[in-house]
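Please treat every number below as a calculation from the coordinates, not as lab data. These figures come from a predicted structure and were not determined experimentally. Neighbour counts are summed over all protein chains in view; Cβ atoms, including those assigned to glycine, are modelled from backbone coordinates with ideal geometry.
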Amino acid sequence: MRKLLAVFLSLIVSACSMVGLGETPSQLEITEYGIFDKGVLVRQTEGVARELGTSFGFRVKVKDPKAGPVKVVITTATPGLLDPSKPKVQMDFVTQATFQPGETYDVFFTFSEPWEMVAGKWVLTVETDKGEVVSRTFDVYNPKL
């Protein structure tokens, strides 16, 4: 009888895992991503030409309007930037913030200095204090002349 009960309970637990019961529901949702101009999505893409003034990234929101404020860490991982005013390579930028439910937040990077325009993989990430992560990888490339 105990064996049968153990098998039954393991099947129930497996079924709950398969349908997502027992898992924490996702709080964050990426609503749009790509290249932006003055806050407006110009093109949904993960390819970004190296051009001064170009803004790329994504918008994210807390899905559950009843959730309380969500503490997040926003990270922009770069291929390695050589800021002339600093002695070492800048690999990432990290910011802490608090997201309010129902609000949409911009997670963008803008090429505002020539030394920032580094070709390669850029990863923009938002991680909650509960460990949920949303991110997008952008491939910055040299435009054809």
Within the under-10-Å Cβ sphere about Pro143, not counting Pro143, Lys/Arg +1 and Asp/Glu -1 give a net charge of +1
Kindly state, to the nearest 0.05, the FRET efficiency for Asp83 paired with Ser26, given R0 = 30 Å and r defined as their beta-carbon distance.
0.25
Could you give the length gained on full extension between Ala119 and Thr45, defined as 0.36 nm per residue of separation minus the Cα-Cα distance, in nm?
25.1 nm
If we sort 51-61, 78-88 on the protection proxy, mean other Cβ atoms within 10 Å, highest first, what's the order?
51-61, 78-88
How much length would be gained if the chain were fully extended between Thr104 and Tyr141, taking 0.36 nm per residue of separation minus their Cα-Cα distance, in nm to one decimal?
10.5 nm
All alpha-carbon distances of the stretch 25-141, grouped into 10 Å bins from 0, give the whole-percent distribution 14, 44, 31, 11, 1
In nm, the gap between the two label points placed 7 Å beyond Cα toward Cβ at Met91 and Leu52 is 3.0 nm
Give me the net charge for the shell around Arg43: Cβ to Cβ below 12 angstrom, other residues only, Lys and Arg +1, Asp and Glu -1.
-3
For the charge dipole of the stretch 25-141, defined by +1 on Lys and Arg C-beta atoms and -1 on Asp and Glu C-beta atoms about the Cα centroid, which residue among Gly131, Phe56, Pro79 has the Cα displaced farthest towards the positive pole?
Gly131
Placing +1 at every Lys and Arg Cβ and -1 at every Asp and Glu Cβ, with all other atoms neutral, what dipole size does the stretch 25-141 have around its Cα centre, in debye to the nearest 20?
120 debye
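Determine the alpha carbon to alpha carbon distance for each of Lys63/Lys121; Lys38/Lys61; Lys66/Lys130 and list only those over 24 Å.
On the way: Lys63/Lys121 28 Å; Lys38/Lys61 19 Å; Lys66/Lys130 17 Å.
As for pairs spanning more than 24 Å Cα to Cα, those are Lys63/Lys121.
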